[in-house]
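Down below is the structure, laid out as structure tokens.
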Amino acid sequence: EAIEKLNLPGIGFTSQSKRYYPNLDFASYTLGYVKSNDDNEMTGEMGIESYYNKELTGTNGSLEYQKDASGYKLVNSPEIRIEKIDGDDIYLTIDTNVQLIVERALNSYFETSKASSGGIIVADAKTGKILASASRPSFDPNIKDIQNYMDPLVSTAFEPGSTMKTYTYMCALEKGTYKGDDTYMSGTMKIGEYTIKDWNNYGWGEVTYDYGYLQSSNIGIANLVQKYITRDDLLAYFKKLGFGSKTGIELPNEVTGKISFKYDIEVATAGFGQGITTTPIQHIQALTMIANNGTMIKPYIVSKIVNKKFKLD
């Protein structure tokens, strides 16, 4: 307005649409962001903005009419008007209060730790509804200070480690062969030319399998996959839980991870989460099996999509 009041010759103005994110780096990877090109066309990138770009994009309106040499509309000339159509409204399952707690928890942790990355997903275990999803480092979609364009919670596969022990025990339980009161010698164990050790290097002496689970014993897993289940049992059960496959959550670039093992040492290490890769969202899905008495629930992050074109007033 100040420039307009100067009435400077040769100065003109153009308008441009822009998406603004008032909560800054709040659930950034989930939301994604929009970028505009020189023609003011907006395209969603990353997150929901990318996954539902077609649905979120509206249709421009237009007005056609006859004009004179000076550019003025001719009186009583016909005009063709096409009204604009807004894009759909997409409602997420994210609970802003839970998301805020998660964001603050991550900030607090990274202020006091030496971690380079990390994330938290909170889900309703009975429904699969994602209540919060955040990771660090994050970014502000308004300024796009992005260090990693892949969502760590769905697009990055990692060695899960001891979290897989729960599923390995579940496999033996479901097969019906598990006996928690049986004992084994913890500490170290040789499998072929390889030696496996418990995380503390010396174990806890002769312990039950139940106690081994409580202590997160690697040797307990190594014995379990030899005594109670087979390689094929474990591989089939991991796949049944959804590892090695996409969950189908409504976010772009979801990866499958890698669940494959053949030799005895690979079976043992896979049982405690080494030599295989998974994603955080796969674990959310798999853990619903426990919360729902053996029924696995698919995670989702979109609660509804409202098509404005057919929305009744």
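The values are calculated or read from the model by the stated rules, or taken from the named source; none is laboratory data. Fair warning: this is a prediction, and the values are worked out from it, not measured in the lab. All Cβ positions, glycine included, derive from the backbone under ideal geometry; neighbour counts span all protein chains shown. These area figures cover heavy atoms from the full protein model, side chains too; ligands, DNA and RNA do not enter into them. Shrake-Rupley method; radii C 1.70, N 1.55, O 1.52, S 1.80 Å.
Would you calculate the separation in nanometres between label points at Leu24 and Phe158, each defined as 7 Å from the Cα along the Cα-to-beta-carbon direction?
2.5
Roughly to the nearest percent, how much of the accessible area of the chain is carbon and sulfur, given a 1.4 Å probe?
Answer for the chain: carbon and sulfur cover 50 percent of the accessible area.
Give me, ordered by chain and number, the residues 5 or more places off Ile297 or on other chains with an amide H under 5 Å from its own placed amide H.
Thr288, Met289
Between helix 96-112 and the chain, what is the angle of the helix's C-alpha long axis to the longest principal axis, kept within 0 to 90° and rounded to the nearest 10?
The answer is roughly 60 degrees.
For region 95-183, what does the alpha-carbon gyration tensor say about shape, rounded, prolate or oblate, given a ≥ b ≥ c as the root eigenvalues, a/c under 1.5 as rounded, and a/b over b/c as prolate?
Prolate.
Mind grabbing the accessible area of Lys18 for me, 1.4 Å probe, Å², rounded to tens?
150
Pop out the ³J(HN,Hα) list for region 284-289 in order, Karplus 6.51 cos²θ - 1.76 cosθ + 1.60 with θ = phi - 60°, rounded to Hz; leave Gly and Pro as x.
Going residue by residue, I get 4, 5, 5, 6, 5, 4 Hz, with x marking Gly and Pro.
Using θ = phi - 60° and the Karplus curve 6.51 cos²θ - 1.76 cosθ + 1.60, what whole-Hz ³J(HN,Hα) does each residue of region 172-189 get, with Gly and Pro shown as x?
5, 4, 5, 5, x, 9, 5, 10, x, 8, 5, 10, 8, 8, 7, x, 9, 7
How large is the helix-only mean residue ellipticity at 222 nm for the chain, computed as the sum of -39500 (n - 2.57) over DSSP H runs with n ≥ 4, divided by its residue count, in deg cm²/dmol to the nearest 500?
-8000 deg cm²/dmol
Could you please put Ile219, Ile94 in sequence from largest to smallest accessible area, using a 1.4 Å probe?
I get Ile94, Ile219, largest accessible area first.
Place a point 7 Å from Cα of Asp39 in the direction of its Cβ. Which residues in region 74-94 have their backbone N less than 12 Å from it?
Residues passing the 12 Å test: none.
Given a 1.4 Å probe and heavy atoms of the protein chains only, how would you sort Tyr109, Tyr91, largest accessible area at the top?
Tyr109, Tyr91
Return the percentage of antiparallel bridges among DSSP beta bridges fully within the chain, rounded to the nearest 5 %.
95
On a 0 to 90° scale, report how tilted helix 218-227 is relative to the longest principal axis of the chain, with both axes built from alpha carbons and the result rounded to the nearest 10.
The answer is roughly 70 degrees.
Taking only protein heavy atoms into account and a 1.4 Å probe, give the accessible area per residue of the chain in Å².
Spelled out: the 1.4 Å probe surface of the chain, per residue, equals 59 Å².
Can you list residues whose amide H is under 5 Å from Val302's amide H, if they're 5+ apart or on another chain and H is modeled 1.01 Å from N?
Close amide H contacts, sequence-distant or interchain: Thr93, Glu250.
Could you pull out the GluC sites (Glu not before Pro) across region 243-313 that fall in loop regions by DSSP (anything but H, G, I, E, B) with no more than 16 other Cβ atoms inside 10 Å?
none
From the protein chains alone at 1.4 Å, what is the descending order of accessible area for Thr279, Thr166, largest first?
Thr166, Thr279
Which whole-Hz ³J(HN,Hα) couplings does region 69-85 yield from phi under the Karplus relation 6.51 cos²θ - 1.76 cosθ + 1.60, θ = phi - 60°, glycine and proline marked x?
Result, rounded to whole Hz: 5, 8, x, 8, 5, 6, 4, 6, 7, x, 9, 10, 10, 10, 6, 6, 10.
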